[in-house]
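Everything below concerns the one structure shown next.
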């Protein structure tokens, strides 16, 4: 189960679900300018993504889906420092999303510690193939 705004607005929902189904909750954290945002990226929360990720891990989240809204869908490249901060804050897998334009971006996110990478626009635009990305 992936929870975004619901987890931010009611963090205990993560604990409640995780108690019943351990490891089943992935918390989706979207960040814009270093702040977790909700409601379709329109509302700031004042939360630091790395601190929020650590809190959700404590509540039982099995993974974090971290989207860097500043580069999402733009084929502008990735910001590995932000991903690395989230990865270093937790011991659960972090799936990185946002900005992937090249296979080098996939490698950079892997090297930053991401357990997996979301690739959308780059595949849609034919920048590289899924097979090539999977070979990294």
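Does residue 61 meet the test of being under 19 Å from residue 1 (Cα atoms), touching a residue at least 24 places away in the same chain (Cβ under 8 Å) and in a loop (DSSP other than H, G, I, E, B)? For residue 61, the condition - under 19 Å from residue 1 (Cα atoms), touching a residue at least 24 places away in the same chain (Cβ under 8 Å) and in a loop (DSSP other than H, G, I, E, B) - is met. Here residue 57 fulfils each of the conditions (1) within 13 Å of the chain's Cα centre (by Cα); (2) closer than 20 Å to residue 12 by Cα apart from (1).
Quick test of your reading of the structure: residue 132 fulfils all but one of (1) in contact with a helix residue (DSSP H, G or I) (Cβ under 8 Å, 6 or more places away or on another chain); (2) surrounded by 15 or more Cβ atoms within 10 Å (Cβ to Cβ). Name the failing condition by number. It is condition (2) that residue 132 fails.
I need the full set of residues from the stretch 73-104 which are over 22 Å from residue 1 (Cβ atoms) and touching a strand residue (DSSP E or B) at 6+ places or on another chain (Cβ under 8 Å), in order please. Full working, then the answer.
Keep residues of the stretch 73-104 that are over 22 Å from residue 1 (Cβ atoms), which gives 73-85, 88, 99-104.
78, 79, 82, 83, 99, 100 - these are the residues of the stretch 73-104 that are over 22 Å from residue 1 (Cβ atoms) and touching a strand residue (DSSP E or B) at 6+ places or on another chain (Cβ under 8 Å).
The residue of the stretch 79-103 that is surrounded by the most Cβ atoms within 10 Å (Cβ to Cβ), among those that are within 10 Å of the chain's Cα centre (by Cα) and not in a helix (DSSP H, G or I), is 96. Would the stretch 117-127 turn up any residue that is under 21 Å from residue 42 (Cα atoms), surrounded by 20 or more Cβ atoms within 10 Å (Cβ to Cβ) and under 14 Å from the mean Cα position of the chain (by Cα)? Within the stretch 117-127, none of the residues are under 21 Å from residue 42 (Cα atoms), surrounded by 20 or more Cβ atoms within 10 Å (Cβ to Cβ) and under 14 Å from the mean Cα position of the chain (by Cα). Cβ-Cβ contacts under 8 Å between residues 6 or more apart (or on different chains), taken from a first residue in the stretch 11-25 that is touching a residue at least 40 places away in the same chain (Cβ under 8 Å) to a second residue that is part of a helix (DSSP H, G or I), are listed as 11/55; 11/56; 14/7; 14/56.
Scanning the stretch 50-69 for residues that are farther than 22 Å from residue 136 by Cβ, surrounded by fewer than 23 Cβ atoms within 10 Å (Cβ to Cβ) and touching a strand residue (DSSP E or B) at 6+ places or on another chain (Cβ under 6 Å) turns up just one, 69.
For first residues located in the stretch 65-92 and at positive phi and free of Cβ contacts under 8 Å to residues at least 60 places away in the same chain, partners that are part of a helix (DSSP H, G or I) and surrounded by fewer than 19 Cβ atoms within 10 Å (Cβ to Cβ) and lie 6+ apart or on another chain with Cβ distances below 8 Å form the pairs 73/121; 75/121.
Does the stretch 22-43 include one or more residues that are part of a helix (DSSP H, G or I) and either in contact with a helix residue (DSSP H, G or I) (Cβ under 7 Å, 6 or more places away or on another chain) or surrounded by 19 or more Cβ atoms within 10 Å (Cβ to Cβ) (or both)? Explain how you work it out, then say what you get.
First, the residues of the stretch 22-43 that are part of a helix (DSSP H, G or I): none.
No, every residue in the stretch 22-43 fails to be part of a helix (DSSP H, G or I) and either in contact with a helix residue (DSSP H, G or I) (Cβ under 7 Å, 6 or more places away or on another chain) or surrounded by 19 or more Cβ atoms within 10 Å (Cβ to Cβ) (or both).
Only one residue in 104, 19, 70, 48 is under 30 Å from residue 130 (Cβ atoms) and at pLDDT 95 or above. Which one? Spell out how you get there, then give the answer.
Working: 19 fails: under 30 Å from residue 130 (Cβ atoms); 70 fails: at pLDDT 95 or above; 48 fails: under 30 Å from residue 130 (Cβ atoms).
Being under 30 Å from residue 130 (Cβ atoms) and at pLDDT 95 or above holds for just one of 104, 19, 70, 48, which is 104.
The values are calculated or read from the model by the stated rules, or taken from the named source; none is laboratory data. For clarity, every value in this text was computed on a predicted model and none was experimentally measured. Reconstructed Cβ throughout: ideal geometry from the backbone, glycine too, with neighbour counts over all protein chains shown.
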